[in-house]
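One structure below.
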Amino acid sequence: MQHLQSRLRVRFAQQSDAGRKSENQDTVGARLPDDALLTSKGIAVAVADGVSSSAAAREASQTAITGFLTDYYATPDTWSTRQSAERVIRSLNNSLWGLSQNSVYGEGYLTTFSALILKGSSASIFHIGDTRVYRLRENDLELLTRDHNQRIDRDTVYLSRALGADPALEIDVFTCELQAGDRFVLTSDGIHDTLSASDFLGLVRNLTSPDELVAQAVAEALDAGSEDNLSIQVVDIDALGIPTEHSAMQVLSQLPFPPLLQVGDTLDGLTVQKVLHESNRSQVYQVTDEQGQRLVMKTPSPLYSDDPAYIERFAMEAWIGARIHSPNVVRVIQPPRARACLYYLTDYVPGQTLGEVIKERRQLAIPDAVQLIEQLVRGIRAFHRKETLHQDIKPDNIVLGRQGPVIIDFGSCWVAGVEEIGAPFVRDRILGTLDYSAPEYRYGGKVGPRSDQFSLAVLLYEMLTGKRPYGDAYSKAMDVKAFQRLRYIPASRHNPLIPQWLDKALEKALSIHPGSRYSALSEWLTDIKRPNPHWVSSGAQPLLERNPLRFWQLLAAAGWVVTIVLTVYLLR
């Protein structure tokens, strides 16, 4: 992702003081990385205020800040900011909760916590307790968090939410777009509960230097009689993090496009043995290295050599593949030499594609088809664990290798962590094949893991029947109304060996609306491997439901028989 190198520039200052207390139970921290981490994870700033009624308040706040700033940057760079931050915060909460439960002296490890993450052109805030995050924009100061306090009477207020207080943690999350000139201020209650709203606003508005602001805020809070610890952090946004199209193109075009290759041609010590696929978007070759190892090389189409969106999409394929680890996903490998051109290599997987097998066999045995889907689910889960959607699950993208099915293509993948970085050009949106992609891609609905579930269900349906679940009309539908008119064709109509419970599991996974599908692939796997009691009828399914055409044919034949019998009887 070097072409998206963040240019986010900030000025930052922080101060934390014990004030009139003997111990400072507040903790502040920040991490302002550069290069790759600034692009993929951004800048993180956090403040925590240990709950003073707890004997372990200081340790709790320190654990929260140091743990968050360490673990957040260790999460996969394919994860979105929200997933990364929430998982780390929940892990810290469980850790503090465990320390409280196991403390010999009955200490409670409780702390408030507020974090600000600046990534690309957006800000994300994660908040528990009564520390605060403000934003000054065009002289308007806005409080972006709410205090989690419960008022008992005029003089008694209790903290209603804290990190480490309960294993079921609720986190307030707020996101907003950044503007150059924005100022963010994080404070503990020793500052914002002491200074009047007008005095605090005057400080934040009038002091242009972050260093002067934090020093003056602490001093004035002490002068105003603050009896608590005092912590404040200030972040000024000088420039946003999105690179220009020119700078992105400079990075993307560092490697030239290779020429179209033929059998016998050599590139970087790799010799072309066979042309596997050619289209107007890419070429795929079977090659051998100098040791005779068979590999697969994918190269970009020369037609798009000046298209930054296309080049980014192609470069992302190798980046995504290198981060997905599963025996059911093809492995992206490093070339034996430094690349002279733009391409990437994967392992060569000998075997037929699933599409070829379906054409040959028409219908697969139910146990074989279910076993293949179970293995493919493992591969798709590897994508989902990295907050990545495959988006183009189809028979031709699956090779049946010696160890099972292998997903071989990354050309349509969506990555949460990359999407929120933003780009200085309109990104290349490659949708999956119409017959296999979920409806929401076409009518503009929300896509997610259930979209890949739909495509897997189409695969299973086709393996069992040789047909498509909604017939030929599905590929022609382009809006919500057109999809709503479609009706699922029971798989048992094409293959009478398919039991009702398996058909129902297919129908649910193939629901037009994502919310009606399974919430997790594991639930679907359970229902296609063994009968769901809710779908096992007490008797045989009526013929009218199983095969309406046969029902009406038999009914018509019975009518003719009755007519003939009556005619013969009357002619006697």
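The values are calculated or read from the model by the stated rules, or taken from the named source; none is laboratory data. All of these numbers come straight from a predicted model, not from anything done at the bench. All Cβ positions, glycine included, derive from the backbone under ideal geometry; neighbour counts span all protein chains shown.
Things to note:
- Taking each residue of segment 242-270 that is of a type in the set (Gly, Ala, Ser) and looking for partners that are at pLDDT below 75 with beta-carbon atoms closer than 6 Å, six or more apart or interchain, yields Ala248/His3; Ala248/Pro424.
- Residue count for segment 118-143 satisfying the condition of being surrounded by 20 or more Cβ atoms within 10 Å (Cβ to Cβ) and not in a strand (DSSP E or B): 4.
- Looking across Thr111, Thr131, Thr145, one residue alone is on the phi < 0 side of the Ramachandran plot, under 28 Å from the mean Cα position of the chain (by Cα) and polar (S, T, N, Q). It is Thr145.
- Here Asp503, Asp472 are screened, and the one residue that is buried (at least 17 other Cβ atoms within 10 Å of the Cβ) and among the acidic types (Asp, Glu) is Asp503.
- Test result for Val45, of a type in the set (A, V, I, L, M, F, W, C), buried (at least 18 other Cβ atoms within 10 Å of the Cβ) and more than 24 Å from the chain's Cα centre (by Cα): no
- Among the candidates Val287, Val329, Val272, residue that is modelled with pLDDT of 90 or more, in contact with a Phe, Trp or Tyr (Cβ under 7 Å, 6 or more places away or on another chain) and either under 20 Å from Asp409 (Cβ atoms) or in the same structural domain as Arg402 (by TED's automatic domain parsing) (or both): Val272
- Residues (in contact with a helix residue (DSSP H, G or I) (Cβ under 8 Å, 6 or more places away or on another chain) and surrounded by 24 or more Cβ atoms within 10 Å (Cβ to Cβ)) located in segment 57-69: Ala60, Ala64, Phe68
- Criterion (within 13 Å of Ser188 (Cβ to Cβ) and at pLDDT 95 or above) met by exactly one of Ala30, Ala46, Ala13: Ala46
- Tally of residues being surrounded by fewer than 15 Cβ atoms within 10 Å (Cβ to Cβ) and modelled with pLDDT of 80 or more across segment 222-254: 6
- Residues satisfying the stated conditions in segment 497-511, i.e. assigned to a helix (DSSP H, G or I) and touching a residue at least 40 places away in the same chain (Cβ under 8 Å): Gln500, Leu502, Leu506, Ala509
- Of the residues making up segment 453-466, one or more are surrounded by fewer than 20 Cβ atoms within 10 Å (Cβ to Cβ) and either among the polar types (S, T, N, Q) or in the same structural domain as Gly411 (by TED's automatic domain parsing) (or both).
- Which listed residue is out of contact with any strand residue (DSSP E or B) (no Cβ under 9 Å at 6 or more places or on another chain) and in contact (Cβ under 8 Å) with a residue 12 or more places away in the chain, from Ala36, Ala18, Ala13, Ala44: Ala36
- Filtered by the rule that a residue be farther than 13 Å from Lys298 by Cα and buried (at least 20 other Cβ atoms within 10 Å of the Cβ), segment 331-345 gives no residues.
- Filter pass, Gly164 being exposed (fewer than 13 other Cβ atoms within 10 Å of the Cβ) and under 31 Å from the mean Cα position of the chain (by Cα): no
- For segment 253-287, filtered to residues that are of a type in the set (Val, Ile, Thr) and over 35 Å from the mean Cα position of the chain (by Cα), the residue that is farthest from Val332 (Cα to Cα) is Val263.
- Close pairs from segment 338-359: first under 15 Å from Asp409 (Cα atoms) and modelled with pLDDT of 90 or more, partner among the β-branched types (Val, Ile, Thr) and part of a loop (DSSP other than H, G, I, E, B), Cβ under 8 Å, at least 6 apart: Thr346/Val330; Thr346/Ile408; Asp347/Val330; Val349/Val330; Val349/Ile408
- Subset of segment 170-204 [part of a loop (DSSP other than H, G, I, E, B) and surrounded by fewer than 20 Cβ atoms within 10 Å (Cβ to Cβ)]: Glu170, Ile171, Gln179, Ala180, Gly181, Asp193, Ser196
- When Ile152 is tested against the conditions (1) surrounded by fewer than 18 Cβ atoms within 10 Å (Cβ to Cβ); (2) modelled with pLDDT under 95; (3) under 38 Å from the mean Cα position of the chain (by Cα), the lone failure is (3).
For (1) farther than 17 Å from Ser40 by Cβ; (2) touching a helix residue (DSSP H, G or I) at 6+ places or on another chain (Cβ under 8 Å); (3) surrounded by 21 or more Cβ atoms within 10 Å (Cβ to Cβ), each residue gets a yes or a no:
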residue: Thr75; (1), (2), (3): no, yes, no
residue: Arg87; (1), (2), (3): no, no, no
residue: Asn94; (1), (2), (3): yes, no, no
residue: Trp97; (1), (2), (3): yes, no, no
